[in-house]
Amino acid sequence: MLGPARVLRGTGPSVAVVDFGSNMDHEPGDTTDPSTLDPVGAPGSWSPEFEQTRHKPGDALTRPRELIVACVPMRSNVNVSQIARTAGACAVDRMILCGNTRLIDKIARDGADTLTIESRRSLAPVLKKLSADGYRLVGLEQTTQSHNLHEYRFERRTVLVVGNERLGIEPDVLALLDDVVEIPVWGMPHSYNAATATNMALYEFCRQYPAG
């Protein structure tokens with residue numbers, strides 16, 4: 001604990017010592033003994049001891065998670081692999097990829113083993129089937145009539161449709177969607193990386209349905 005502040009003023013033989021005293025920064029009438037304050041200034045508080053518990057088992061679900069991630073043809077296998085890693089950590093079971101996209105195991109980690117990966121030539125036919133099966137098709141894109149992710153309520157049976165890093169979600173797929181959500185941006189550039197945005201949306205879904 002630091003003692004009272006003392007400041008030297010002046011030079012040469014006439015140096016004045018100004019002692020701010022132990023009640024520095026106290027409000028009038030505050031009778032708190034400064035010696036009882038911790039570094040953050042909370043009376044009587046204590047600092048916990050933290051130990052790493054990395055790679056501890058995930059929280060158990062009470063029901064299977066009915067969320068599917070579906071990606072249009074993507075430019076970067078790194079982005080797709082990052083999405084797969086987060087999807088695996090969120091206990092998503094199924095991920096649909098298009099084109100020649102593949103996972104990089106060192107990036108996807110356990111997501112490469114726990115996810116069921118489906119490869120399709122195009123996304124529209126499988127989205128139509130999933131819609132007929134009762135899934136709500138939700139695109140992650142900047143569009144007119146989009147919903148702010150902070151305010152959107154997902155349905156349990158949801159397909160999260162992810163757009164291309166440069167081209168986004170093509171018009172023929174947009175036409176199939178029930179909703180579009182976008183994430184607010186406050187600075188430059190005016191959009192998030194595709195994997196980053198998908199990871200945020202996945203976490204928001206899990207926040208709404210933490211048990212599955």
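The values are calculated or read from the model by the stated rules, or taken from the named source; none is laboratory data. Fair warning: this is a prediction, and the values are worked out from it, not measured in the lab. Methodologically, a virtual Cβ is constructed for each residue, glycine included, from the backbone with ideal geometry; neighbour enumeration extends over all protein chains shown.
Count, please, the residues in the range 125-154 that happen to be of a type in the set (Ser, Thr, Tyr) and under 11 Å from ASP178 (Cβ atoms). Number satisfying all stated conditions: 2.
Identification of strands (runs of 3 or more DSSP E) wholly contained in the range 54-141 with 2 or more residues that are touching a helix residue (DSSP H, G or I) at 6+ places or on another chain (Cβ under 7 Å) yields 67-71, 94-98, 136-140. Checked against the criteria, VAL181 does not count as exposed (fewer than 15 other Cβ atoms within 10 Å of the Cβ), without any contact (Cβ under 8 Å) to a residue 60 or more places away in the chain and among the β-branched types (Val, Ile, Thr).
Search the range 58-93 for residues being among the basic types (Lys, Arg) and under 20 Å from the mean Cα position of the chain (by Cα), and hand back the single one that is nearest to LEU130 (Cα to Cα). Among residues in the range 58-93 that are among the basic types (Lys, Arg) and under 20 Å from the mean Cα position of the chain (by Cα), the one nearest to LEU130 (Cα to Cα) is ARG65. Filtering the range 130-144 for residues that are within 22 Å of the chain's Cα centre (by Cα), surrounded by fewer than 16 Cβ atoms within 10 Å (Cβ to Cβ), of a type outside the set (Asp, Glu) and on the phi > 0 side of the Ramachandran plot leaves an empty set. Against the definition (closer than 26 Å to LEU103 by Cβ and assigned to a loop (DSSP other than H, G, I, E, B)), how does ARG153 come out, yes or no? No. Of all the numbered requirements in (1) without any contact (Cβ under 8 Å) to a residue 60 or more places away in the chain; (2) under 13 Å from the mean Cα position of the chain (by Cα); (3) not in a loop (DSSP other than H, G, I, E, B), TYR192 misses one, and that requirement is (3). Of LEU202, LEU176, LEU160, all but one fail to be out of contact with any Pro (no Cβ under 9 Å at 6 or more places or on another chain), at pLDDT 95 or above and in a loop (DSSP other than H, G, I, E, B); the exception is LEU176. Condition test on PRO64, is it out of contact with any Gly (no Cβ under 7 Å at 6 or more places or on another chain) and modelled with pLDDT under 95? Spelling it out, it is not the case that PRO64 is out of contact with any Gly (no Cβ under 7 Å at 6 or more places or on another chain) and modelled with pLDDT under 95.
Which residues, counting only those in the range 195-208, are surrounded by 17 or more Cβ atoms within 10 Å (Cβ to Cβ) and either more than 11 Å from the chain's Cα centre (by Cα) or closer than 17 Å to GLY58 by Cβ (or both)? Hits for the range 195-208 are ASN199, LEU202, PHE205, CYS206.
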